[in-house]
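Asks: I have a structure I would like to understand better, so I am pasting it below and will then ask my questions one at a time.
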Amino acid sequence: MAELLLPGKDVDERLAAKAALESSEEKLRSLCASYAGTFVSVERRGHGLEQKLRKLLESAKSIESRVSTCEHSLEQEDESDGSLAALSEKHRVRRRTLLQHSTLLELLELPSLMDACVRSNLYEEALSIAAFANTLERRHAEKNDVVLKVISQVRSRQSDLRRHLLFCLKSYVSMPQCLEIVTALRRLNSIDLERQSESNLERVHGAMELSLQVDFLEARDVWLDQPSTNGESRPGSVGEDASIRAGSEQLLDSIERYRTRMFEIATQFNAIFRAQANSSAIAASLLNMWAVRRVRSFLATLEDQLCVIDNSASLRDALDSCVFFSTSMGRLGADFTSSLAPLFESKMHSLVVASWTDGVHQFADTLKICRDAVVAAPLVSSTVADAVSSEYIADGSTLPPPRQLMALPPLGRLVNAFLSGLNELRRCLLPGIFPKLRKSLQAALVDIDAILQANERAVLTPGLRGDASELRHIAREMKTTMKGIVTPYLQGALEHALGNKEGARRHNDMVAATMTEPVGGEIIDKKPEKDTEDDTETYSTEVKKSLPYQSKLMENESEKERTEE
């Protein structure tokens with residue numbers, strides 16, 4: 001081959017071409033061998049592409065029916081849900097809704113915002129939201145369910161606001177706070193009035209105003225009935241006296257609390273509701289009914305609380321407080337002074353009569369104990385009776401307790417018990433109890449006479465031992481002293497305590513005559529020692545000599561009783 005390329009020699013073109021061909025084939029084989037993987041990959045991809053094209057053709061044939069249906073739908077022009085126009089409108093609405101996302105969030109937060117305003121006492125903001133709910137209802141209620149739900153929730157919070165405002169009135173509120181609360185309630189009524197479709201809105205407004213007044217008084221009643229926190233007893237007081245003092249102070253505190261609160265409520269009501277001329281008459285009538293009801297409640301409570309009073313001084317303090325309360329309410333046309341008299345007269349009468357009753361029971365118990373034990377020593381005393389006191393002679397109206405009663409301690413203690421009851425009248429004398437006291441005194445004297453008669457019959461029973469003779473002597477002496485001295489003296493003391501000086505002078509004259517007219521005879525110091533069948537006669541004889549001063553009337557009574565025996 002080298003030889004063919006030498007210069008000067010002829011070149012065989014066929015051999016050159018053959019050699020070039022063989023060289024090309026050799027290069028091709030080497031190239032094919034080097035790129036065998038590429039050829040295989042291309043073959044595989046071509047086969048896969050062919051299969052995919054075949055599937056695409058099949059898919060295109062399968063959607064031909066759907067394309068025809070879509071073409072038919074696009075050709076429709078009605079507004080049905082499946083039409084293109086309807087779908088386009090829905091899409092447009094959703095896009096516009098999405099653009100108003102922040103505004104819609106604020107709308108949905110209205111109920112929660114109003115609830116927060118109610119809990120934070122932001123009445124103005126809560127009322128603004130309630131008024132905005134009315135605007136939403138007028139504009140969008142018929143087209144949007146979401147707005148309807150928001151409005152319903154706002155209405156629920158509006159009811160919560162009304163209950164919260166009324167609850168605030170159930171505690172202490174000053175006049176500015178009360179005015180602010182009532183103004184908020186009136187605005188709530190105005191918001192509700194906007195939703196009314198009645199033709200006569202004035203009538204509806206009047207009914208709402210009347211309902212507001214009733215709700216106001218009912219809420220304030222709760223505060224009026226709340227107990228006071230300063231009714232505790234004073235420090236350092238113990239025992240029964242402490243409980244009595246605490247009860248009296250608690251009653252006075254209760255009266256003062258009721259007076260101040262009731263007057264404050266009436267003042268607030270007049271300032272808020274009676275300022276309007278169109279509702280002044282109705283408000284005045286409603287306030288009058290409320291005042292009458294509260295006064296009745298106060299009197300019922302006062303009647304129960306008077307039970308803790310056991311002295312006339314505390315009763316007088318309570319009476320003064322109640323009278324001041326009544327006169328204060330008189331400025332509002334609710335004076336109830338006349339209703340106080342029966343309560344305090346009944347209590348005052350019971351205080352006086354209680355001392356009398358205790359004295360009578362103690363007197364009866366003393367006689368019974370001595371009679372059962374057949375002992376006469378506790379029934380008599382060796383004290384010598386003085387003459388008539390000069391005090392009676394000086395002024396002619398007052399008579400001190402007869403000292404002759406010191407010889408008979410049970411009668412002396414009985415008189416002291418009656419005088420202690422009359423001393424209660426010095427602090428709280430009520431004219432309405434005069435007839436009751438006279439009647440009670442007569443009943444007590446009748447009971448004492450019955451006790452003395454029963455005691456006399458008991459000691460005259462045959463067979464008694466011990467001091468039986470002395471007991472019979474003392475029983476007759478007590479009976480005579482009771483009729484001649486104690487009875488007229490107690491009647492005169494009662495009349496003097498009631499201010500009837502003429503009646504007191506008449507009874508005192510009877511006592512003075514009994515105490516100054518001697519009967520004659522001597523005082524018998526020595527009593528019979530034996531209980532014989534003649535004790536009754538001997539005892540009747542000694543009765544005339546037992547008292548140094550008796551009236552002839554009493555002597556005749558003694559003789560008459562002795563004769564009957």
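Asks: If I take R0 = 51 Å and measure r between the Cβ atoms of residue 335 and residue 454 in this structure, what FRET efficiency does the formula 1/(1 + (r/R0)^6) give, to the nearest 0.05? All intermediate terms of the calculation are to be shown ahead of the outcome.
Replies: Numbers: r = 51 Å, r/R0 = 1.01.
For R0 = 51 Å, the calculated efficiency reads 0.50.
Asks: Still on this structure, I have one more. DSSP loop trypsin sites (Lys or Arg not before Pro) in the stretch 143-231 with at most 14 other Cβ atoms within 10 Å of their Cβ, which ones?
Replies: On the way: sites: 143, 149, 155, 157, 162, 163, 170, 186, 187, 195, 203, 220; in loops: 143, 170, 195.
Those satisfying the criteria are 143, 195.
Asks: Can you give the extra length, in nm with one decimal, that the chain gains between residue 327 and residue 59 once fully stretched, where that is 0.36 nm per residue apart less the Cα-Cα distance? Numbers along the way, then the final one.
Replies: On the way: separation 268, 0.36 × 268 = 96.48 nm, distance 10.49 nm.
Additional length available on full extension: 86.0 nm.
No value in this document is a laboratory result; all are computed from the given coordinates. Note that the structure is a prediction, hence the values are computed from the model and not measured. Glycine also receives a Cβ, built like all others from the backbone with ideal geometry; neighbour counts cover every protein chain displayed.
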